[in-house]
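Only one structure is covered here, and it is reproduced in the block below.
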Amino acid sequence: MGKNRSYLLRTYAKINLCLDVLFKRPDGFHEIDSLFQNVSLHDDLEVRFVHGQGRIFVESNVKIDGNILLKVWDLIKPSELDCYVRLEKKIPMGAGLGGGSSNAGGFLALLATHGLISWEKATQIAPLVGSDVPFFLCGGTAIVGGRGEQLSHVDPLLGYKLDVIKPDYSISTKEAYAKLRPELFGKAPLKASQLYEAFKSRDWQAIKLGVYNVFEYIVPEELRQEIEAFRKEYPAALTGSGSAYFVLRDGGNYEFVHKAWEVES
Ligand SMILES: C[C@](O)(CO)[C@H](O)COP(=O)(O)OP(=O)(O)OC[C@H]1O[C@@H](n2ccc(N)nc2=O)[C@H](O)[C@@H]1O
Ligand SMILES: Nc1ncnc2c1ncn2[C@@H]1O[C@H](COP(=O)(O)OP(=O)(O)OP(=O)(O)O)[C@@H](O)[C@H]1O
């Protein structure tokens, strides 16, 4: 890692093309079966490293208490460098789009790519920061299990466009999981691997059947009906634990992308 180096880091949002919860684990987390997909909605970070004493300074265009980047830095603590970050948030927060997880994963990948930490260390740290963070170390398209740390990266799905709609309230992921009742577990029409094959073969009927999110059973009824209305014509579902949802259709404002981050130095 060069001592005084500046980087432009772009980190992409994710959607869950399907998200099923299979059971509650002994550790209190839930076993998921999900197809993760990065999309072109993104945040931009200017990251500068200077000779220093292990401090990090983050400024952002939106107020964020307890920025996840501080959590990442605390797990690394390089004694001879200071880090300055200017964060331009465009991914709606608390929306199920993985905005914070994406910033964290991209930041870890930048640190590994530029020699401050090993990739092995980045892979060890990611799940400690958040369940979605391991996906964002590489990103693109992945079949995800476990808490979110069991990743099967697959050939990227490209050529799909979507709209992302963010109702004006956010949902706590913790509270959403706590509301899930066991009778809702394992009800997805297709497994994530089957839905992936449907996207690969552009089987629109199977895609419409398999695009699913268990959290739609516990969000406010008006939001569920809003999504159902789109689902009459397009594949549509909540992403993450919400409150954002996506509608897959030509002419959408965003598109699938094959990576979670990119860096210009
Ligand atoms: C809903 C998803 O976004 C789907 O991609 C993820 O499962 C959640 O990922 P995340 O926001 O990074 O979640 P974390 O910040 O790690 O966890 C927040 C809280 O959600 C619950 N949680 C999270 C992930 C998981 N597989 N099971 C859980 O029960 C736990 O109570 C946890 O304390
Ligand atoms: N860099 C960051 N970007 C966005 N949120 C952050 C960041 N750092 C900390 N947070 C906090 O994390 C919370 C969740 O943010 P995030 O955007 O990751 O939610 P999300 O889109 O629901 O993610 P996920 O899909 O992983 O649940 C935010 O409400 C915010 O308070």
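Only residues that are outside any strand (DSSP E or B) and of a type in the set (Val, Ile, Thr) were counted in region 1-22, giving 0.
A quick yes/no check of all residues on (1) in contact with a Gly (Cβ under 6 Å, 6 or more places away or on another chain); (2) aromatic (Phe, Trp, Tyr); (3) within 12 Å of ligand 2 (Cβ to nearest atom); (4) closer than 29 Å to residue 4 by Cα:
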residue	(1), (2), (3), (4)
37	no, no, no, no
58	no, no, yes, yes
66	no, no, yes, yes
87	no, no, yes, yes
110	no, no, no, yes
129	no, no, yes, yes
134	no, no, yes, yes
142	no, no, no, no
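Here residue 122 meets each of (1) without any contact (Cβ under 8 Å) to a residue 40 or more places away in the chain; (2) open to solvent by 10 Å² or more (accessible area, probe 1.4 Å); (3) in a helix (DSSP H, G or I) with one exception, condition (2).
Sub-6 Å Cβ pairs linking a first residue in region 183-205 that is at pLDDT 95 or above to a second residue that is part of a loop (DSSP other than H, G, I, E, B) and open to solvent by less than 30 Å² (accessible area, probe 1.4 Å), at least 6 apart or interchain, are 199/157, ordered by first then second residue. Scoring residue 77 on the criteria (1) within 25 Å of residue 63 (Cβ to Cβ); (2) touching a Gly at 6+ places or on another chain (Cβ under 9 Å); (3) among the basic types (Lys, Arg) leaves a single failure, condition (1).
Among the residues of region 153-179, those identified as part of a loop (DSSP other than H, G, I, E, B), touching a residue at least 40 places away in the same chain (Cβ under 8 Å) and over 14 Å from residue 19 (Cβ atoms) are 154, 155, 156, 157, 158, 159, 160, 166, 167, 169, 170, 172.
With respect to the conditions (1) under 23 Å from residue 14 (Cα atoms); (2) among the charged types (D, E, K, R); (3) in contact with a Lys or Arg (Cβ under 7 Å, 6 or more places away or on another chain), residue 82 lacks only one, and its number is (1). Cβ-Cβ distances below 7 Å connect the following pairs, each with a first residue in region 22-33 that is under 15 Å from residue 240 (Cα atoms), a second residue that is open to solvent by 80 Å² or more (accessible area, probe 1.4 Å), and a separation of six or more residues or different chains: 30/24; 31/23; 33/191.
Could you say which residue among 179, 174, 208 is closer than 18 Å to residue 132 by Cβ and either touching a helix residue (DSSP H, G or I) at 6+ places or on another chain (Cβ under 6 Å) or of a type outside the set (S, T, N, Q) (or both)? Full working, then the answer.
Values: 179 fails: closer than 18 Å to residue 132 by Cβ; 208 fails: closer than 18 Å to residue 132 by Cβ.
Every option except 174 fails the conditions.
The values are calculated or read from the model by the stated rules, or taken from the named source; none is laboratory data. Note that the coordinates shown come from a computational prediction; the quantities given were computed from them, not determined experimentally. All Cβ positions, even for glycine, are placed from backbone atoms using ideal geometry, and neighbour counts span all protein chains on display. All accessible areas refer to the heavy atoms of the entire protein, side chains included, with ligands and DNA or RNA removed. Shrake-Rupley method; radii C 1.70, N 1.55, O 1.52, S 1.80 Å.
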